[in-house]
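**Student:** Sharing a structure with you now.
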């Protein structure tokens, strides 16, 4: 609930400010140097070539207008001369203009091609950066909705920023082109430049205003857009199809999707209508400014101050300048808006993990001597007022099999995540051989842990790869993979499949085979045997197996982990009693610990749970 409040507060802060000031827009441009540095790193050769080609392209409009002026003046001169005409100069000018037109078109096509290729490479580069950075972040960060909104915005930027790349490059090109044209215009009539800015300014301010509103609207819609994506998945997925049918949920999902979509449509429609209406008014002002300048040029020509060629040059220059300036000013809004969105992108990379390897880590002990010791350990989830675990004091000894027992929500899985350092304690500490768990090398620690959670992933990969994910560095080690499969009894399943270890699993891809819950669990268990781990943890991974199958799995597990430490979580007491000691949790706290026989004699919480389950078998 608290997370929701924080998120709503974040949304309110975004909506409370519907306009960004010009200063804020300029400040957002400070994000561009880092952005361009990333573009350069994507492909220095392509970026450099793009810049050179755009500079060459930016000079062609002025050159073509000036050559056009010379052609018209030459035609007028020839038309006034009654004697034989020498057309050599005229055809040379036409040839030059033709070459410029061909070159301009060729440059445009090459630039477009490079933009496309560079955009694809940049999208790949940024996507990989996001994946790599996400891999460094903590598990509890992924369990926070505010973090997920930042992650979603960062993902969106990997696509949107390829557009920004083209916009920034085009902006520079157009500004250079405008510089050339303005220089030519100033030579003939500098007042036209002033008239040009007056005509364009209202359109620029209007576009800026509506771009700001569009940014705020998009930002505040992020949570609902994530819900829309989830509803799309929910309504059309093989994972959800059976429950949607059996519970007749399709109508509910569609109704919710339609309601959110209508809300987006209404908000976007209102903004689009306002933008279109004001845009029409501003366009009229710009058109009026252009024709005012056109009249001035015509009057100068009629009075003899300018030639016909100069008329076409000035009119063409002014028209292109007006179009370029309007494009540059409007694109400035888009570029600055994109630069603001870049903040969302860079913000994601500023999120730092709290669970990191110590500056001078110590290697994981081999073998473990005194074991794992919990000293007054407590853990509280981010933005939660409730303690998931608290006041935990116990030791997991070397070679000991420890079972965790408790009702759902008692904190069993959280304890396991603390042990594997997916979480760090909020209070207290965990010691391994007398040294804080945080002092050990993180990668080394996890390499020495074999853990399978109850919500393991059913990878849409082949049989071999599904096992290899337990130690992906050994994905090509067929001997190890088959050994792990044998230990979990998944090898018998592989022999029945048409392509055995190369068989695709799941229905997402062609020729994939779907397995039963129990079959998937044997594959998941095999992952735990892919490492020569000193501590193995099974967090209810056998829930889909029947009682006999689970007993056989744990019996085999006990044999294979002889001399190694292990933590077992199971709701079946026939399995739990196989452990050396049993730790009983209630509301996140340790209430009892001891062997099965010792806890029954205590006649406490464990005995109550054991007798309650035993009644079901009488």
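**Student:** Over its Cα atoms, what ratio of radius of gyration to 2.2 N^0.38 Å does the chain give?
**Tutor:** Ratio of Rg to 2.2 N^0.38 Å for the chain: 1.39.
**Student:** Just report the Cα centroid separation between the stretch 354-386 and the stretch 36-63, whole Å.
**Tutor:** 51
**Student:** Would you work out if the stretch 372-615 is rounded, prolate or oblate? Take a ≥ b ≥ c from the square roots of the eigenvalues of the alpha-carbon gyration tensor; rounded if a/c is under 1.5, else prolate when a/b is larger than b/c, oblate otherwise.
**Tutor:** prolate
**Student:** For the Cα atoms of the chain, what angle does the longest principal axis make with the long axis of helix 308-350, in degrees from 0 to 90, nearest 10?
**Tutor:** Once rounded, the angle reads 10 degrees.
**Student:** If you don't mind, another one. Expressed as a rounded percentage, what relative contact order does the chain have, with Cα pairs under 8 Å and six or more residues apart?
**Tutor:** Averaging sequence separation for qualifying contacts and normalising by length gives 15 percent for the chain.
**Student:** Contour minus end-to-end for residue 193 and residue 376, with contour as 0.36 nm per residue of separation and end-to-end as the Cα-Cα distance?
**Tutor:** Length difference between fully extended and current span is 58.3 nm.
**Student:** Between residue 186 and residue 283, what length comes free when the chain is fully extended (0.36 nm per residue of separation minus the Cα-Cα distance, one decimal in nm)? Don't skip to the answer; put the middle values down first.
**Tutor:** Values: separation 97, 0.36 × 97 = 34.92 nm, distance 2.45 nm.
Taking 0.36 nm per residue and subtracting the Cα distance, the gain is 32.5 nm.
**Student:** What is the order of 177, 327, fewest Cβ neighbours within 10 Å to most?
**Tutor:** 327, 177
**Student:** Given points 7 Å out from each Cα along the Cα-Cβ axis, report the residue 483 to residue 611 separation in nanometres with one decimal.
**Tutor:** Taking the simple label geometry, residue 483 and residue 611 are separated by 4.8 nm.
**Student:** Starting from the Cα of residue 513, step 7 Å along the direction of its Cβ; do the same at residue 435; then give the gap between the two resulting points in nm.
**Tutor:** 4.7
**Student:** Further question on the same structure: Return the Cα extents of the stretch 304-373 along principal axes one, two and three, sorted largest first, each rounded to a whole Å.
**Tutor:** That gives 103, 18, 14 Å along the principal axes, largest extent first.
**Student:** Full-extension gain between residue 135 and residue 268, please, as 0.36 nm times their residue separation minus the C-alpha to C-alpha distance. It would help to have the intermediate numbers written out before the result.
**Tutor:** On the way: separation 133, 0.36 × 133 = 47.88 nm, distance 3.53 nm.
Once the chain is fully extended between residue 135 and residue 268, it gains 44.4 nm.
**Student:** For the stretch 25-350, what number results from the quotient of the Cα radius of gyration and 2.2 N^0.38 Å?
**Tutor:** After normalising by residue count via 2.2 N^0.38 Å, the value is 1.33.
**Student:** For an R0 of 45 angstrom, estimate the FRET efficiency from the Cβ-Cβ distance between residue 26 and residue 117 and round to the nearest 0.05. Mind dumping the intermediate values first?
**Tutor:** On the way: r = 31 Å, r/R0 = 0.69.
Once the sixth-power term is evaluated, E becomes 0.90.
**Student:** Please order 441, 140 by the number of other Cβ within 10 Å, starting at the fewest.
**Tutor:** Numbers: 441 15, 140 20.
Fewest to most other Cβ atoms nearby, the residues stand as 441, 140.
**Student:** So what is the calculated 222 nm ellipticity per residue for the chain, using -39500 (n - 2.57) for each DSSP H run with n of 4 or more, over all residues, to the nearest 500 deg cm²/dmol?
**Tutor:** Value at 222 nm, helices only, nearest 500: -22000 deg cm²/dmol.
**Student:** Helix 250-302 versus the longest principal axis of the chain: what angle, 0 to 90°, nearest 10, using Cα atoms?
**Tutor:** 20
**Student:** Rounded to the nearest 5, what is the percent of antiparallel bridges among the DSSP beta bridges in the chain?
**Tutor:** 50
**Student:** Rounded, prolate or oblate: which one fits the stretch 376-459, using the alpha carbon gyration tensor with axes a ≥ b ≥ c (rounded when a/c is under 1.5, else prolate when a/b beats b/c, else oblate)? Walk me through the intermediate numbers first.
**Tutor:** On the way: a/c = 1.33, a/b = 1.08, b/c = 1.23.
In terms of gyration-tensor shape, rounded.
**Student:** How high is the FRET efficiency from residue 559 to residue 395, r the C-beta distance, R0 30 Å, rounded to 0.05? If you can, show how the numbers build up before the last one.
**Tutor:** Numbers: r = 24 Å, r/R0 = 0.81.
Computed FRET efficiency for residue 559 and residue 395 comes out at 0.80.
**Student:** Which three extents, in whole angstrom, do the alpha-carbon atoms of the stretch 362-511 cover along their principal axes, largest first?
**Tutor:** Taking max minus min along each principal axis of the Cα atoms, the stretch 362-511 gives 53, 36, 24 Å.
**Student:** Let me ask something else about it. If you fit an axis through the alpha-carbon atoms of helix 32-42 and take the longest principal axis of the Cα set of the chain, what angle between them do you get, 0 to 90°, nearest 10?
**Tutor:** For helix 32-42, the angle is close to 70 degrees.
**Student:** So what is the relative contact order of the stretch 447-525, in percent, for Cα pairs below 8 Å that sit 6 or more residues apart?
**Tutor:** Worked out over the stretch 447-525, it gives 36 percent.
**Student:** Taking R0 as 51 Å, what's the FRET efficiency between residue 354 and residue 276 from their Cβ-Cβ distance, rounded to 0.05?
**Tutor:** Working: r = 48 Å, r/R0 = 0.95.
Result of the calculation: an efficiency of 0.60.
**Student:** Students often check this: by mean Cβ neighbours within 10 Å, which of 97-104, 483-490 ranks highest, and how do the rest follow?
**Tutor:** Packing proxy ranking, top to bottom: 483-490, 97-104.
Readers should treat all values here as calculations from the given coordinates under stated rules, not as data from a laboratory. This is a predicted model, so every value here is computed, not measured. Ideal geometry is used to build each Cβ from the backbone, glycine not excepted, and the neighbour counts take in all protein chains shown.
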